[in-house]
Amino acid sequence: MLGRYVSMSTATRSPRTVYCIVKRFEETGLTELKGNSTCGRKSAIDEFLGLYLYGKYPTLYQDNCAEFLNDQFATSLSRYHVTRYLQKIGCTRKVLTLRAAQRNPILHANHAIEMADDTQEQLAFFDESAERVFGHSTRWSVLPALTTEGLKVLRIFQESFNADRFVEFIEEDLLPIIGPFPGPNSVIVLDNCRIHHDPRVAELLVNQHGCRICFLTTILA
C-alpha cells in the first residue's frame, strides 16, 4: 500500500516530501497528518479573557476592548488582536450587542421617560468616529459636537481617541459652547463608550459646570 502511495506521490512531490512521507509511515503508520500540520500562532486573547470581557462589557468598541484588557491584566493588546479574536469566534461586527437587551421594552420606556422633559435646545450630542484613508494605513478620528443649531465643534486627528484626548476635547472645545442645566446645550448625550465613563468627564461636565449627562441605552447606542 505504501509503495503504491509513494509511486503516485513521486510524480507530483519532491524527493524531500516523499522521504518525509515514508518516515512518517514508519513512525506512525500514517501517510498524512490528520488535521492542520502546523499549530500556528497562539491567539493573544485566550478563552478566559474573551469570556471575561464580553460577559462583563458586551457593547465596548474594539479599541476600548484592547484598552480594558491591558488595564485589567497588564497585557499589550491592540485593536488588531481583538479583531482576530472576534473573527475566530465567528463575530465580525464592530460592536457586540445583546439583542435581548436591545429589545427590552422596559429599558426603552425608562430612557424615553428620562429624556421626556428635555427640550431640543438643551440637547448636545457627541460621538467619535474613526476611519482609515483608502490605500493608506493611517487611521483618522473625528469628534463632532452637534446641537439643534448644527455643527458647533469639530476635532480631527490621527490615531484613535482615548480618555485623555476626550478630556482634552472637553476642556478646550466643549466647555465654551455648553452651559449649566437647564440652559441651552446643557444635556450632554453620549453613548456607552468606555472613555465616556472616565471619572474626569463627569467631574468637568457635572460637578464643575452643572451640566447633565445622558447615556444612551443599548437599544440606541
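Here, each number is a calculation from the coordinates, and none is a lab measurement. On a predicted model such as this, the values are computed, not experimentally measured, just so you know.
General remarks:
- Per-residue Karplus couplings for the range 175-191, computed as 6.51 cos²θ - 1.76 cosθ + 1.60 with θ equal to phi - 60°, are listed in order as 4, x, 10, 10, x, x, 5, x, x, x, 6, 10, 10, 8, 9, 10, 7 Hz, Gly and Pro entered as x.
- Sequence-distant residues sharing a close amide H with N162 (under 5 Å, placed H): none
- Residue by residue, the range 148-157 carries 3J(HN,Hα) couplings of 5, 8, x, 6, 9, 9, 9, 10, 10, 7 Hz when phi is fed to the Karplus relation 6.51 cos²θ - 1.76 cosθ + 1.60 (θ = phi - 60°); x denotes Gly or Pro.
- Amide H contacts under 5 Å for C214, placed H, 5+ residues apart: I188, V189, L190
- Built amide H within the under 5 Å cut-off of R139, gap 5+: E159
- Karplus-derived 3J(HN,Hα), 6.51/-1.76/1.60, for each residue of the range 196-210, Hz, glycine and proline x: 6, 9, 4, x, 5, 5, 5, 4, 6, 7, 8, 6, 8, 10, x
- Full extension of the chain segment joining F25 with I177 gains 47.1 nm, where the gain is 0.36 nm per residue of separation less the Cα-Cα distance.
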